[in-house]
Amino acid sequence: MNNRVVLVTGAGNGIGAEVAFAFAAKGDKVIVSDINQEHAERSQKQIVEAGGEACAYTCDVSNVEQVIHMMEWIDETYGRIDVCINNAGISKWISPLELSIEEWDKVLNTNARGTFVCSREATKYMKKHQTGGSIINMASTRAQMSEPNSEAYAASKGAIVSLTHALAASLQEDGIQVNSISPGWIHTGDTQELRSIDHSQHFSKRVGEPADIARACLFLSDPQNTFITGENLTIDGGMTRKMIYEH
Ligand code: NAD
């Protein structure tokens, strides 16, 4: 579980930054990829200062050519790719009556199409080197439950859950496991902002943190856990198991 080549998209901030840090801390080589170059470099610097190995790579996952080029670069630079974590994602909270086709496409093209294209391109190199591999896609509990005005985001995350089990079936002969994670509320900002009700409403009595997701990524990509594939792991402190009758 070390010295692997691990790509994390959207690693310039939040969950992705923590995931990248966690893999580097285990001794893996991490490609810290993000649309925002400054943020990618910030995450990479944090890893290197902590003694890890990482490089920053600027890539917009909704741009197919950029993704193809990134994977070529990873293969030329490292000679393999072992783990692909499709974490980059955006959301849009707007009434379905006001949501434009451009806004719909932007969310779907980043979240769902970006996940597909990154998986497809990473798989080419996993197959080429016959190394097997692990693909982990970041979905959301919003694939299964909704608040108003979340249509594009919910649809994109539902697509990611379905794409995950379809890819797990298609890539089985290549020794590639494909799983998704559905985070619930993962607070990526200052925890001082949170109220006690934010924590207490969860079965776990706390809001989630990026490290909760990072540990799950390490678990799912562990070569000992190849019996887990096509699965969606919900990490939400119990919120999607909670009955919400008001009384
Ligand atoms: P975040 O906004 O803090 O970070 C997302 C990162 O993705 C940013 O660094 C951003 O620059 C990058 N990004 C955006 N568009 C991109 C693109 N086209 N190409 C490459 N990079 C791009 O988000 P987060 O809260 O850390 O969420 C990370 C993932 O987890 C997302 O897919 C999100 O939908 C999912 N998620 C988060 C939560 C949560 O509560 N934080 C809950 C469920 C699911």
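Each reported figure results from applying straightforward, stated rules to the coordinates on display, with no laboratory input. Quick caveat, the model's predicted, so the values are computed rather than measured. We place every Cβ from the backbone using ideal geometry, glycine too, and count neighbours over all the protein chains shown.
Please give the per residue volume of the convex hull enclosing the alpha carbon atoms of region 88-184, rounded to a whole number of Å³.
Once divided by residue count, the hull of region 88-184 is 82 Å³.
Tally Lys/Arg at +1 and Asp/Glu at -1 over every other residue whose Cβ is under 10 Å from the Cβ of Ser91; what's the total?
Net local charge, Ser91 excluded: +3.
Please identify the helices of the chain, taking whole runs of DSSP H, that span at least 15 Å along their own axis as judged from the Cα atoms and have a mean Kyte-Doolittle score of 0.5 or higher.
Helix filter hits for the chain: 14-25, 151-170, 210-221.
Could you pull out the pairs from Lys29/Lys128; Lys157/Lys242; Lys26/Lys92 whose alpha carbons sit more than 25 Å apart here?
Listed pairs above 25 Å: Lys26/Lys92.
Loop-only GluC sites (Glu not before Pro) in region 36-127, please: DSSP not H, G, I, E or B, and at most 11 other Cβ atoms within 10 Å.
The qualifying sites are Glu98.
In Å and on Cα atoms, what radius of gyration and Dmax does region 1-70 show?
11.1, 33
Relative to 2.2 N^0.38 Å, what does the C-alpha radius of gyration of region 5-241 come to as a ratio? Two decimals please.
After normalising by residue count via 2.2 N^0.38 Å, the value is 0.97.
In bins 5 Å wide, starting from 0, what share of all Cα pairs of region 24-123 does each bin hold, as a percent?
Taking every Cα pair in region 24-123, the percentages come to 2, 12, 20, 21, 18, 12, 7, 4, 3, 1.
Using 7 Å Cα-to-Cβ label points, what is the Tyr245/Glu76 separation (nm, one decimal)?
Spacing of the two 7 Å Cα→Cβ label points: 6.3 nm.
Name the most mobile residue of Ile94, Ile186, Ile47, meaning the one with the largest mean-square fluctuation, in a Gaussian network model of the chain with Cα contacts below 10 Å.
Maximum among the listed residues: Ile94.
Take the chain, connect every pair of alpha-carbon atoms lying under 10 Å apart with a spring to form a Gaussian network, then pick out the residue of Gly132, Gly12, Gly79 with the largest mean-square fluctuation.
Gly79
So if each residue of separation counts as 0.36 nm, and I subtract the Cα-Cα distance between Leu99 and Phe203, what length gain in nm does that give?
Between Leu99 and Phe203, full extension yields 34.0 nm more.
Using a 7 Å offset from Cα along Cα-Cβ at Lys45, what residues in region 1-24 end up with backbone N under 15 Å from the label point?
The answer is 12-13.
For the chain, what does the helix formula give at 222 nm: sum of -39500 (n - 2.57) over DSSP H segments with n ≥ 4, over the residue count, nearest 500 deg cm²/dmol?
So the helix-based figure for the chain works out to -12500 deg cm²/dmol.
Which of Cys59, Asn36, Gly208 sits closest to the plus end of the dipole of region 5-241, meaning its Cα is farthest towards the positive end, when Lys and Arg get +1 and Asp and Glu get -1 on the C-beta?
Gly208
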